[in-house]
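Chemist: This is the structure, below, for whatever I ask next.
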Amino acid sequence: MLVRTEHWRFRPHPLLRNGHLQTVAAVYLPRRSAPYRATVHRVAVDDPPREACGDQIALHDDCPALWRPERPAVLLVHGLAGCYQSAYMCRMTDRLTARGHRVFRMDMRGCGAGEGLARRPTHCGRSGDVAAALRFIAKLCPETPVYTIGFSLGGCLVLNLLAEAGEAAVGHLKRSLAICPPIDLFAVERRFNSPGGRPYDRFFVKKLWKQITDRWRRFPEIAPAVIPREPRRLRQIDELVIAPSGGFASADDYYAKTQPGPKLASIRQPVMIIASRDDPIVPTAPLFEYEHSAMVQTAVVPHGGHLGFIARANGDPDKRWLDWRMLEWIETGH
């Protein structure tokens, strides 16, 4: 269901009128973060078919003094090559804890504090890792309703999890939000093949290849006999490392089986997707091409880039439009 209300009107900052500027500014604009005070939990994850691989993820638990067990907790799941220290993760943690919400920042396999805890890399099909985090939170906070917010790849994981869960409860999950999620992985690959997408492709290649080679050095038993040169394209990494480590026959097989677009019609739990039409990384058109269930809401604005959404003055406390919409979604339900 497409949300069409004045509430979701976004007007970009006058100096950031296109998606590239919004995307870059979101990463590099200066910010202040509260001192890090989280407790880190290690959460075991399994790979299908219930294979005990010994991998773990890290979960950063920020619990403010004002929090009470009946108040919501929020699970934040970062994007590709991100971690608990990503700017959007830190900003939302600060904003949420200031309002008395408990926050859990999930580091995917091998990311952030999860470095050295997993032999296998994360990918778009690792939705079970989010489920493991939610089950852990449910045991830790048995009276607490949980909301999940996934950013980019994290949003992809959340959508896949919901599609796979059907109506079955996943921990104490009540509602989910997916921000700029890749809906069709073939469309993302085509975008990265375009002139405007190649700088982002190179950016992710450098980030991911460092993670991969660091993992090989840490776990030499899983490294190839000869370390290949750094690939030039993200698809090469998917073909060389991600697909075989996840049990997929090829990059195409990996994309086809893990993209959430064809699964949106099977989602039976409430989720909202927020995206922008000028996102230079994740094409928005597939959102309108796949069938959605009635439990899927979408709010698509003309501008905002990828995880940008930096606005001109509009009545919010500051220019981070997306942050305030996420807070409203948690606290008012819309």
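The values are calculated or read from the model by the stated rules, or taken from the named source; none is laboratory data. This structure is a prediction, so every number in the text was calculated from the model and none was measured. FYI the Cβ positions are ideal-geometry reconstructions off the backbone, even for glycines, and counts take in every protein chain you see.
Chemist: Can you find a residue in the range 260-271 that is in a loop (DSSP other than H, G, I, E, B) and touching a Pro at 6+ places or on another chain (Cβ under 8 Å)?
Modeler: Yes.
Chemist: Can you tell me which of Leu161, Leu177, Leu157, Leu173 is buried (at least 22 other Cβ atoms within 10 Å of the Cβ) and closer than 30 Å to Pro228 by Cβ?
Modeler: Values: Leu161 fails: closer than 30 Å to Pro228 by Cβ; Leu177 fails: closer than 30 Å to Pro228 by Cβ; Leu173 fails: closer than 30 Å to Pro228 by Cβ.
Only one candidate qualifies: Leu157.
Chemist: In addition: Find the strands (runs of 3 or more DSSP E) located wholly in the range 92-207 whose residues include 1 or more that are more than 18 Å from the chain's Cα centre (by Cα), and list them. Walk me through how you get there before you give the answer.
Modeler: Numbers: elements: 102-107, 146-151, 173-179.
Fully inside the range 92-207 and qualifying: 102-107.
Chemist: Still on this structure, I have one more. Name the residues in the range 110-132 that are crowded, with 24+ Cβ neighbours inside 10 Å and in contact with a His (Cβ under 9 Å, 6 or more places away or on another chain), would you?
Modeler: Cys111
Chemist: Enumerate the pairs (first residue in the range 125-136 and modelled with pLDDT of 95 or more; second residue anywhere and surrounded by fewer than 24 Cβ atoms within 10 Å (Cβ to Cβ) and acidic (Asp, Glu)) with beta-carbon separation below 9 Å, excluding pairs fewer than 6 apart on the same chain, so at least 6 apart or on different chains.
Modeler: Arg126/Asp47; Ser127/Glu164; Gly128/Asp46; Gly128/Asp47; Gly128/Glu164; Asp129/Asp55; Ala131/Glu164; Ala132/Asp46
Chemist: In addition: Of all residues in the range 206-216 being under 16 Å from Cys83 (Cα atoms) and without any contact (Cβ under 8 Å) to a residue 40 or more places away in the chain, which is surrounded by the most Cβ atoms within 10 Å (Cβ to Cβ)?
Modeler: The selected residue is Trp209.
Residue-by-condition table, conditions (1) β-branched (Val, Ile, Thr); (2) more than 19 Å from the chain's Cα centre (by Cα); (3) buried (at least 21 other Cβ atoms within 10 Å of the Cβ):
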{"residue": "Val27", "(1), (2), (3)": "yes, no, no"}
{"residue": "Pro30", "(1), (2), (3)": "no, yes, no"}
{"residue": "Val45", "(1), (2), (3)": "yes, no, yes"}
{"residue": "Pro64", "(1), (2), (3)": "no, yes, no"}
{"residue": "Gly82", "(1), (2), (3)": "no, no, yes"}
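Chemist: May I pose another question? Report yes if some residue within the range 40-55 is out of contact with any Gly (no Cβ under 9 Å at 6 or more places or on another chain), of a type in the set (D, E, K, R), over 27 Å from Thr284 (Cβ atoms) and at pLDDT 95 or above; otherwise report no.
Modeler: Within the range 40-55 (the criterion being out of contact with any Gly (no Cβ under 9 Å at 6 or more places or on another chain), of a type in the set (D, E, K, R), over 27 Å from Thr284 (Cβ atoms) and at pLDDT 95 or above), the answer is no, since none of the residues qualifies.
Chemist: Further, regarding this structure: Out of Leu59, Leu21, I need the residue that is surrounded by 22 or more Cβ atoms within 10 Å (Cβ to Cβ) and either modelled with pLDDT of 95 or more or touching a Lys or Arg at 6+ places or on another chain (Cβ under 8 Å) (or both). Which one?
Modeler: Leu59
Chemist: Next question, about the same structure. Inside the range 217-260, can you point out the residues that are surrounded by fewer than 15 Cβ atoms within 10 Å (Cβ to Cβ) and among the aromatic types (Phe, Trp, Tyr)?
Modeler: Of everything in the range 217-260, just one residue is surrounded by fewer than 15 Cβ atoms within 10 Å (Cβ to Cβ) and among the aromatic types (Phe, Trp, Tyr), namely Phe219.
Chemist: For Gln297, all conditions in the list (1) within 17 Å of Val158 (Cα to Cα); (2) touching a helix residue (DSSP H, G or I) at 6+ places or on another chain (Cβ under 9 Å) hold save one; what is the number of the exception?
Modeler: (2)
Chemist: Considering only residues that are touching a His at 6+ places or on another chain (Cβ under 7 Å) and of a type in the set (D, E, K, R), look in the range 60-87 and name the one that is nearest to Gly333 (Cα to Cα).
Modeler: Selected residue: Arg71.
Chemist: Tell me whether the range 276-290 contains one or more residues that are in a strand (DSSP E or B) and at pLDDT 95 or above.
Modeler: yes
Chemist: Quick check on Val40: is it touching a helix residue (DSSP H, G or I) at 6+ places or on another chain (Cβ under 6 Å), surrounded by fewer than 17 Cβ atoms within 10 Å (Cβ to Cβ) and in a strand (DSSP E or B)?
Modeler: On the way: touching a helix residue (DSSP H, G or I) at 6+ places or on another chain (Cβ under 6 Å): yes; surrounded by fewer than 17 Cβ atoms within 10 Å (Cβ to Cβ): yes; in a strand (DSSP E or B): yes.
Yes.
Chemist: Let me ask something additional. With the requirement that a residue be within 12 Å of Ile274 (Cβ to Cβ), surrounded by fewer than 22 Cβ atoms within 10 Å (Cβ to Cβ) and not aliphatic (A, V, I, L, M), what does the range 290-323 give you?
Modeler: Gln297, Thr298, Asp323, listed by residue number.
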